[in-house]
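Participant: Got a structure here, written out as structure tokens. Questions coming.
The values are calculated or read from the model by the stated rules, or taken from the named source; none is laboratory data. Predicted model, so just to flag it, every value in this text is computed and none were measured. Please note: Cβ atoms are built from the backbone with ideal geometry, for glycine as well, and neighbour counts cover all protein chains shown. Ligands, DNA and RNA are stripped out before the accessible areas are found, and what is left, the full protein with its side chains, is counted by its heavy atoms. Shrake-Rupley method; radii C 1.70, N 1.55, O 1.52, S 1.80 Å.
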Amino acid sequence: MDKKRKLGVAGAGALAVVVTLGIAATADAAASTLGAAAAEQGRYFGTAVAAYKLSDSVYSGILDREFNMVTPENEMKWDATEPSQGSFSYGSADQIVSHAQSHNQRVRGHALAWHSQQPGWVQNLSGTALRNAMVNHVTQVATHYKGKIYAWDVVNEAFADGGGGGRRDSNLQRTGNDWIEVAFRTARAADPGAKLCYNDYNTDGQNAKSNAVYAMVQDFKSRGVPIDCVGFQSHINSASPVPSDYQANLERFAALGVDVQITELDIEGSGSTQAENYRKVTQACLNVSRCTGITVWGIRDSDSWRASGTPLLFDGNGNKKAAYTATLTALGGGNPTSTPPSTPPVSSSSSQPPIPSGGCTATVSVNQWQGGFVATVRVTAGANGTNAWAVTMPLPSGATVTNSWSTTRSGNTWSNVSYNGRIAAGQYTEFGLQATGTAGTLSPTCAAS
């Protein structure tokens, strides 16, 4: 997902392209959609796309009308593009790229190297064998899409959460501390015309994690390692609100000589509170000259990986929400005579579930694609809070877990890890898992101590 301002690196020619993409001929029409309004500001407005949803006429209708940048949600990740070593599969990703090209939309490639969503054969490699496999994967995928990608998320989520500000311990990290640099140099050689980005979450304000990313970018720029942009995922909720220094953080990265982009924006909530948060983020991008665009992570609330939090600009039926209107207005767009009215605002209090009286409750949202899925489980503490929790959630026959995060698994039981066991009354934490197969109907239950 990515946000960039006036394409300073790309130059005037690229800016002319931006202004022509997805823009209607008249000023009135240009102001009536997110992509067109953003383009008038020298930026783009994009969304994450799932190939299997393109046949949904409501989904594709909104996509083609509103957005001028697309990011494949899962279709370009390692498990999708190289399911067995040396055997590459591009069908679903090609479908998204072809759709985008036919509708004058550009594409962000996501993601070439990541510790998650790796196929099983990668998880079984280490050391030199894994490093060589990563280099070959980056080379092959970037070469396949050479000239078709606006920007690559070359490396995704390589830094650890918490106060240490260090690298995430992963199989890729254990191949050597230079693995990120190698991935960027490899991507530049394979697709020299694309912008190369580092992408991460929980870096929206200045903190230990964002400071560590900042230091890496500063080092790369000083040594000539090819890096053109930094992506800020911006998954916003009550536990991770829009930081007060959001804009200042974008500015300090831009000052290093890279573009900054909001790459996976979703903001949980509803009504005027959600709308105001979307306005804040959009305005922050507009206020930073090298913020080149915004990508929301999904189209309708029902398409979101965190659907229960209703975090997107369109409701489950495809209707525009108050957050849509606030975002379009911040971009300088809006045409009351041609834009259908937004969904009436809902008071923020009405969207908050009551605090459970018992220990904890668990809910799940699923992002399913052909052959696999990601399940995100939210654990909400009861009136007494929690010191520890465990969720029981049997998976359907044929589903095989390939990865999980923020949890420890024992059979069908998923327990907290060291940093997320303690939850205050009425607050929540989330963990996730990736699996092959079909999710079916998942029914998590929660117990707390």
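Participant: Consider ALA189 against the criteria (1) in contact with a Cys (Cβ under 7 Å, 6 or more places away or on another chain); (2) open to solvent by 50 Å² or more (accessible area, probe 1.4 Å); (3) aliphatic (A, V, I, L, M): it satisfies all of them except one. Which criterion is unmet?
Facilitator: (1)
So that you can scan it fast, the table gives a plain yes or no per residue for (1) in contact with a Pro (Cβ under 8 Å, 6 or more places away or on another chain); (2) among the β-branched types (Val, Ile, Thr); (3) more than 27 Å from ASP64 (Cβ to Cβ); (4) in contact (Cβ under 8 Å) with a residue 40 or more places away in the chain:
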{"position": "ASP94", "(1), (2), (3), (4)": "no, no, no, no"}
{"position": "VAL107", "(1), (2), (3), (4)": "yes, yes, no, yes"}
{"position": "HIS115", "(1), (2), (3), (4)": "no, no, yes, yes"}
{"position": "THR128", "(1), (2), (3), (4)": "no, yes, yes, yes"}
{"position": "GLY163", "(1), (2), (3), (4)": "no, no, yes, yes"}
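Participant: Looking only at segment 399-429, how many residues end up being within 24 Å of GLN368 (Cβ to Cβ) and either outside any strand (DSSP E or B) or touching a Cys at 6+ places or on another chain (Cβ under 6 Å) (or both)?
Facilitator: Initial filter on segment 399-429 (within 24 Å of GLN368 (Cβ to Cβ)): 399-407, 409, 411-414, 428-429.
Now narrow it down to the ones that are either outside any strand (DSSP E or B) or touching a Cys at 6+ places or on another chain (Cβ under 6 Å) (or both): 399, 406-407, 411-412.
Residues meeting the conditions: 5.
Participant: Say we look at segment 408-423 and pick out the residues that are touching a strand residue (DSSP E or B) at 6+ places or on another chain (Cβ under 6 Å) and open to solvent by less than 20 Å² (accessible area, probe 1.4 Å); which of these is modelled with the highest pLDDT?
Facilitator: Here the answer is TRP414.
Residue-by-condition table, conditions (1) basic (Lys, Arg); (2) in a helix (DSSP H, G or I); (3) in contact (Cβ under 8 Å) with a residue 24 or more places away in the chain:
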| site | (1), (2), (3) |
| --- | --- |
| LEU196 | no, no, yes |
| GLY205 | no, no, yes |
| ASN211 | no, yes, yes |
| ALA215 | no, yes, no |
| GLY231 | no, no, yes |
| ASN249 | no, yes, yes |
| GLN261 | no, no, yes |
| GLN274 | no, yes, yes |
| THR282 | no, yes, yes |
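Participant: Being open to solvent by less than 10 Å² (accessible area, probe 1.4 Å) and under 21 Å from the mean Cα position of the chain (by Cα) is true for just one of ALA151, ALA133, ALA160. Which residue is that?
Facilitator: On the way: ALA133 fails: under 21 Å from the mean Cα position of the chain (by Cα); ALA160 fails: open to solvent by less than 10 Å² (accessible area, probe 1.4 Å).
Selected residue: ALA151, the only one of ALA151, ALA133, ALA160 that is open to solvent by less than 10 Å² (accessible area, probe 1.4 Å) and under 21 Å from the mean Cα position of the chain (by Cα).
Participant: While we're here: Considering only segment 41-55, I want to know if a residue exists there that is open to solvent by 40 Å² or more (accessible area, probe 1.4 Å), touching a residue at least 40 places away in the same chain (Cβ under 8 Å) and over 21 Å from HIS235 (Cα atoms). Lay out the reasoning, then the answer.
Facilitator: We begin by selecting, within segment 41-55, every residue open to solvent by 40 Å² or more (accessible area, probe 1.4 Å); these are 41, 52, 55.
Still in the running and touching a residue at least 40 places away in the same chain (Cβ under 8 Å): 41, 52.
Now restrict to residues that are over 21 Å from HIS235 (Cα atoms): 41, 52.
Within segment 41-55, one or more residues are open to solvent by 40 Å² or more (accessible area, probe 1.4 Å), touching a residue at least 40 places away in the same chain (Cβ under 8 Å) and over 21 Å from HIS235 (Cα atoms).
Participant: Here is a follow-up. Would you call ASP191 among the acidic types (Asp, Glu) and in contact with a helix residue (DSSP H, G or I) (Cβ under 8 Å, 6 or more places away or on another chain)?
Facilitator: Details: among the acidic types (Asp, Glu): yes; in contact with a helix residue (DSSP H, G or I) (Cβ under 8 Å, 6 or more places away or on another chain): yes.
Criteria met by ASP191.
Participant: From the set of residues in segment 107-130 that are open to solvent by less than 20 Å² (accessible area, probe 1.4 Å) and in a loop (DSSP other than H, G, I, E, B), which is nearest to GLY205 (Cα to Cα)?
Facilitator: So the first thing to find is which residues in segment 107-130 are open to solvent by less than 20 Å² (accessible area, probe 1.4 Å), and the list is 107-113, 116-119, 122, 130.
Going one step further and asking which of them are in a loop (DSSP other than H, G, I, E, B), we end up with 116-119.
Values: SER116: 24, GLN117: 27, GLN118: 29, PRO119: 33 Å.
Step by step, filter segment 107-130, then rank; the result is SER116.
Participant: Let me ask you something else. Which residue out of ASN171, ASN202 is in contact with a helix residue (DSSP H, G or I) (Cβ under 9 Å, 6 or more places away or on another chain), on the phi > 0 side of the Ramachandran plot and at pLDDT 95 or above? Give the steps one after another, and end with the answer.
Facilitator: Values: ASN171 fails: on the phi > 0 side of the Ramachandran plot.
Being in contact with a helix residue (DSSP H, G or I) (Cβ under 9 Å, 6 or more places away or on another chain), on the phi > 0 side of the Ramachandran plot and at pLDDT 95 or above holds for just one of ASN171, ASN202, which is ASN202.
Participant: Please find, within segment 303-319, the residue that is least open to solvent (accessible area, probe 1.4 Å) out of those that are part of a loop (DSSP other than H, G, I, E, B), in contact with a strand residue (DSSP E or B) (Cβ under 7 Å, 6 or more places away or on another chain) and without any contact (Cβ under 8 Å) to a residue 60 or more places away in the chain. Write out each step before concluding.
Facilitator: First pass over segment 303-319, keeping only residues part of a loop (DSSP other than H, G, I, E, B): 304-306, 310-313, 315-319.
Right, trim to in contact with a strand residue (DSSP E or B) (Cβ under 7 Å, 6 or more places away or on another chain) and you get 304-306, 311-313, 315-316, 318.
Pick out the ones that are also without any contact (Cβ under 8 Å) to a residue 60 or more places away in the chain and you get 312, 315-316.
On the way: LEU312: 0, ASP315: 31, GLY316: 40 Å².
Step by step, filter segment 303-319, then rank; the result is LEU312.
Participant: A further question follows. Go through segment 167-183 and give me each residue that's open to solvent by 30 Å² or more (accessible area, probe 1.4 Å) and assigned to a loop (DSSP other than H, G, I, E, B).
Facilitator: Residues satisfying the conditions are ARG168, ASP169, ASN177, ASP178.
Participant: Among (1) touching a Gly at 6+ places or on another chain (Cβ under 7 Å); (2) under 30 Å from GLU82 (Cβ atoms); (3) modelled with pLDDT of 90 or more; (4) assigned to a strand (DSSP E or B), there is one condition PRO396 misses while meeting the rest; what is its number?
Facilitator: All conditions pass for PRO396, except number (4).
Participant: Can you name the residue in segment 22-40 that is open to solvent by 10 Å² or more (accessible area, probe 1.4 Å) and either part of a helix (DSSP H, G or I) or in contact with a His (Cβ under 9 Å, 6 or more places away or on another chain) (or both) and, of all such residues, is modelled with the highest pLDDT? Step through it out loud before you land on a result.
Facilitator: In the first step, residues of segment 22-40 are kept if they are open to solvent by 10 Å² or more (accessible area, probe 1.4 Å); the result is 22-29, 31-33, 40.
Imposing the further condition that a residue be either part of a helix (DSSP H, G or I) or in contact with a His (Cβ under 9 Å, 6 or more places away or on another chain) (or both) reduces the set to 22, 27-29, 40.
On the way: GLY22: 38, ALA27: 37, ASP28: 40, ALA29: 41, GLU40: 92.
Filtering first and then ranking leaves GLU40.
Participant: Only residues in segment 130-143 that are of a type in the set (Lys, Arg) and modelled with pLDDT of 95 or more count as the first member; pair them with residues that are crowded, with 19+ Cβ neighbours inside 10 Å and part of a helix (DSSP H, G or I), Cβ under 6 angstrom, at least 6 apart or cross-chain, and list the lot.
Facilitator: Qualifying pairs under 6 Å: ARG131/THR175.
Participant: Let me ask something else about it. Looking at ALA322, ALA383, ALA362, ALA326 in this structure, which one is modelled with pLDDT of 80 or more, buried (at least 21 other Cβ atoms within 10 Å of the Cβ), closer than 21 Å to ALA239 by Cβ and of a type in the set (A, V, I, L, M, F, W, C)?
Facilitator: Details: ALA322 fails: closer than 21 Å to ALA239 by Cβ; ALA383 fails: buried (at least 21 other Cβ atoms within 10 Å of the Cβ); ALA326 fails: closer than 21 Å to ALA239 by Cβ.
Checking each option against the conditions leaves just ALA362.
Participant: Follow-up question, since we're still on this one. I'd like the full set of residues that are outside any loop (DSSP other than H, G, I, E, B) and either in contact (Cβ under 8 Å) with a residue 40 or more places away in the chain or among the β-branched types (Val, Ile, Thr) (or both), limited to segment 284-302.
Facilitator: Just the residues of segment 284-302 that are outside any loop (DSSP other than H, G, I, E, B), to begin with: 284-287, 293-296, 300-302.
Once the filter is applied, which keeps residues that are outside any loop (DSSP other than H, G, I, E, B) and either in contact (Cβ under 8 Å) with a residue 40 or more places away in the chain or among the β-branched types (Val, Ile, Thr) (or both), segment 284-302 yields CYS285, LEU286, ASN287, GLY293, ILE294, THR295, VAL296, ARG300.
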